[in-house]
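Step one of this worksheet: look at the structure below.
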Amino acid sequence: MSLIKTSSEIIKIKKSARILSGIMKELRMLVRPGISTEELNQIAEEMIRSKGAQPSFKNYRDFPAALCVSINETVVHGLPDDKKIKQGDIVSLDLGVFYKGFHADMAITIPIDPIDDSSRRLICITEEALMKGIEAVRAGGYLGDVGYAISHYIWGAGFDVVRELCGHGIGKSIHEDPDILNFGKKGEGLMIRPGMVFCIEPIATIGRGKVRLSDDKLSYVTEDGSRSAHFEHTVAVTDMRVEILT
């Protein structure tokens, strides 16, 4: 896949992103104690198809659902089932939309109040780290600048970064080159060029940032059982700035 998208391709990705961000806003309002993760998944898929789009994740690499719902120590790719969300949980929603040939991808983490102070701070720091990473994107800069900005902020707040998982390019495929690591060194890595479209997605943990594949062979959980938060935006690089598409 080409690392550089044309202006017409970016416009098409932006249309997918608009659908996705609108659906995510609605899903956020539905996440509450007593709702099951499978209910959220069904609602997400219905919303996507009502827009004439398709869920990017369903049947991708054997994932059977439209929505990833990752709770507490589940880091990513949480498989929806009959488990009900409860007070004190932190819930990450990760959703992709495929519309007229192009994908967009987005993730948020939601507190189910009341939650403990460490979990609340984890969510805030991870979301802020996403914005730090986006602020580090500029044409002529390097992907290492983005990874450094994310990890420097998370580590400085006393949390850890999940290194085994990362952001990615996006376009005609949900996952394309390049990998967007959540750690790095300034001035290193691939040079950022106008026309690049990729997903930045910091993942932070309260404990150590080591993860393992869970028993379902699809989702990842923290090795030490500590909680994790995850935020993601799809962004496009122009000559002058970076645009958040989701």
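Sorting 45-51, 24-30, 86-92, 204-210 by their mean Cβ neighbour count within 10 Å, with the most densely packed peptide first, gives 204-210, 86-92, 45-51, 24-30. The Cα center of region 137-161 and the Cα center of region 71-110 differ in position by 23 Å. Cross-link reach is defined here as a Cα-Cα straight distance under 14 Å, omitting same-chain residues fewer than 8 places apart; for K84 the aspartates and glutamates meeting it are E38, E39.
Region 232-246 and region 54-70 have Cα centres spaced 24 Å apart. Listed values for region 215-231 are Karplus-derived 3J(HN,Hα) couplings in whole Hz (6.51 cos²θ - 1.76 cosθ + 1.60, θ = phi - 60°), namely 5, 6, 6, 10, 8, 10, 10, 5, 4, 8, x, 6, 6, 9, 10, 8, 10, and x replaces Gly and Pro. Approximating the spin labels as points 7 Å out from Cα along Cα→Cβ, the S36-to-D179 distance works out to 3.7 nm.
Packing here is the average count of other Cβ atoms within 10 Å per residue, and on that basis the peptides 114-124, 136-146, 227-237, highest first, run 227-237, 136-146, 114-124. Straightening the chain between K25 and S2 buys 5.2 nm, computed as 0.36 nm per residue apart minus the Cα-Cα spacing. With the simple spin-label model, which puts each label point 7 Å out from Cα in the Cβ direction, the K100 to R208 separation comes to 4.9 nm.
Readers should treat all values here as calculations from the given coordinates under stated rules, not as data from a laboratory. Keep in mind it's a predicted model, so treat the numbers as computed, not measured. Note that we place each Cβ from the backbone using ideal geometry, even for glycine, and neighbour counts take in every protein chain shown.
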